[in-house]
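Shown next, in C-alpha cells, is the structure this report addresses.
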Amino acid sequence: RKEVEQDPGPFNVPEGATVAFNCTYSNSASQSFFWYRQDCRKEPKLLMSVYSSGNEDGRFTAQLNRASQYISLLIRDSKLSDSATYLCVVNRRGGSNYQLIWGAGTKLIIKP
Amino acid sequence: GAGVSQSPSNKVTEKGKDVELRCDPISGHTALYWYRQSLGQGLEFLIYFQGNSAPDKSGLPSDRFSAERTGGSVSTLTIQRTQQEDSAVYLCASSPLGGMAGEQFFGPGTRLTVL
C-alpha cells in the first residue's frame, strides 16, 4: 500500500457543480499537508496548505481528518479552468529528517 | 521576480551516455529539491539540499545519480550511464523554508528521453 493514496480519476464534472476528493495517508507521524495543482505538462503549483481546523480559500475548502488519516479538497461552483490534476502532499518526520511524500494525483475534468 | 529555471528544457540522449541537468533556484531560497515524474505518475523525490547541511540523498534510485549544489545556489543533477528507465521529467523546486515545510516553487522541468 502506498503511503499517500489518491483516486486517480478522472472525475468528470459539469461546470458549476461541486466536487470533492480525498487523499489518505498511512503514517500517523505526518505533520503538514498540502494540495498542489498541476496542469497538463506543467509544473505543480501550491493550491493551499491544509490546517487542522480546516481552511477555505474562495471556492476551495481543505479539511484534515487526523483520526481517519485523510485530507479532502472541495471545489464549489467549478470552472472550466479548474481542470487539472490535484496532488496531495504529506510532510512527515522520518527519524531525524523530514520527508515529503507526494500522491500520484487526482485528475479533474470540468465539462461545459 | 524570476522563478526557478531549469536547463535544458528537453534532452534526448543515447543509452549509456552521461547527462547533466541544471537548476537555478529563486534567489535567497535555502532549500532545493529534485524530483522526477514519469508520464501519468506522481512526483518521486530524489534529493534535498538545505543550506549548508548534508543533503538528503535518500531518494536517489541508484549510484548512477548524483547532485551538487554550489555556493548554496545553482544545482546540477548528474545521471551517469543513462538507461531507458531514466526517461522522465526532472523537476527542481526551491523553498524559502527548510524542513520541507514551506511552499515549493517548481521550475518548468527537463524532459529527458533516453533512446
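Considering only B:Thr30, B:Thr70, B:Thr82, the mean-square fluctuation computed in a Gaussian network model of chain B, springs between alpha carbons under 10 angstrom, is largest for B:Thr70.
Loop-located trypsin sites (Lys or Arg not before Pro) in region A:1-95 (DSSP state not H, G, I, E or B) with no more than 10 neighbouring Cβ atoms inside 10 Å: A:Arg1, A:Arg41.
Counting every Cα pair in the protein assembly as shown, what percent are over 32 Å apart? Within the protein assembly as shown, distances greater than 32 Å cover 20 percent of Cα pairs. Once backbone amide H atoms are built at 1.01 Å from N, B:Thr113 has B:Lys11, B:Val12, B:Thr13 as its partners under 5 Å, excluding neighbours fewer than 5 places away on the same chain. Here the residues A:Phe60, A:Phe33, ranked from fewest to most Cβ neighbours within 10 Å of their Cβ, fall in the order A:Phe60, A:Phe33.
Note on B:35-47: average number of Cβ atoms from other chains within 10 Å of each residue's Cβ is 4. By other beta-carbon atoms within 10 Å, ranking A:Glu43, B:Glu14 with the fewest at the front produces B:Glu14, A:Glu43. Taking label positions 7 Å along the Cα-Cβ direction at both B:Ser58 and B:Glu20, the computed distance is 3.0 nm, reported to one decimal.
Kirkwood's formula applied to the C-alpha pairs of chain A gives a hydrodynamic radius of 14.2 angstrom.
For the segment A:105-112, counting C-beta atoms of other chains within 10 Å of every residue's C-beta and taking the mean gives 1. By the Cβ distance rule (another cysteine Cβ under 4.7 Å), the unpaired cysteines of the protein assembly as shown are A:Cys40. Sorting A:Tyr70, A:Tyr86 from the fewest to the most surrounding beta carbons within 10 angstrom yields A:Tyr70, A:Tyr86.
Just so you know, all these numbers are worked out from the coordinates, no wet-lab data involved. Every value quoted in this text rests on a predicted model; they were computed, and no experiment measured them. Cβ atoms come from the backbone with ideal geometry, glycine included; neighbour counts cover every protein chain shown.
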